[in-house]
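S.K.: Okay, handing you the structure first.
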Amino acid sequence: MRILLVEDNAERQLWFLTQFAPSVDIDIAWVAPAAVALLQAHQYDAIYLDHDLLPHHNGFEDDGSSGYEVAKFLCANPPTCPIIIHSQNIYGSTRIAELLRAAGVNCVQEPFPPSVATPDDHHQPQS
């Protein structure tokens, strides 16, 4: 089994690794362009997608560097595996889910477990 984890937080990466190791191969992408490159090169059994990614990690702008950019690629290239949006950023994860579903791509929203969430995980859009 092979999973793509799109996540820029090292603590969360470790959490995922401990949940799945050693029986699952996990490719980790810290940034959106790396995730797209991995998706172009490999087939996955599951994709775990965060919204807030480096370099900005602010959760409000979809400037080509967030998980939203990865979702746009997935809409154009629908995978056959499940997509799990694990972002604690409800605004961002909902936008990703709406985009994917509008393109007919199935996904689920499963926020990162609160017991392991970090203080900057609770983003809200700024007015």
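S.K.: Please specify each residue of region 85-127 satisfying the condition of being within 15 Å of Tyr48 (Cβ to Cβ), outside any loop (DSSP other than H, G, I, E, B) and at pLDDT 85 or above.
M.R.: Ile85, Gly92, Ser93, Ile96, Ala97, Leu100, Val108, Gln109
S.K.: Related question: Within region 14-24, is even one residue in contact with a Pro (Cβ under 9 Å, 6 or more places away or on another chain), at negative phi and not in a loop (DSSP other than H, G, I, E, B)?
M.R.: yes
S.K.: Of (1) at pLDDT 90 or above; (2) surrounded by 14 or more Cβ atoms within 10 Å (Cβ to Cβ); (3) assigned to a loop (DSSP other than H, G, I, E, B), Leu74 satisfies all except one. Which?
M.R.: The number of the failed condition is (3).
S.K.: Which of the residues belonging to region 92-114 are within 21 Å of Asp8 (Cβ to Cβ) and either touching a residue at least 40 places away in the same chain (Cβ under 8 Å) or crowded, with 16+ Cβ neighbours inside 10 Å (or both)?
M.R.: Gly92, Ser93, Arg95, Ile96, Ala97, Leu99, Leu100, Cys107, Phe112, Pro113
S.K.: Evaluate region 36-43: report whether one residue or more is modelled with pLDDT of 95 or more and assigned to a strand (DSSP E or B).
M.R.: No, that holds for no residue.
S.K.: Of the residues Asp62, Asp8, Asp52, Asp27, which single one is surrounded by 12 or more Cβ atoms within 10 Å (Cβ to Cβ), among the acidic types (Asp, Glu) and at pLDDT 95 or above?
M.R.: Residue meeting the stated conditions: Asp27.
The values are calculated or read from the model by the stated rules, or taken from the named source; none is laboratory data. Remember, predicted model here, so these are calculated numbers, not experimental data. When we count neighbours, we look across all protein chains shown, and the Cβ atoms used for this are built from the backbone with ideal geometry, even at glycine.
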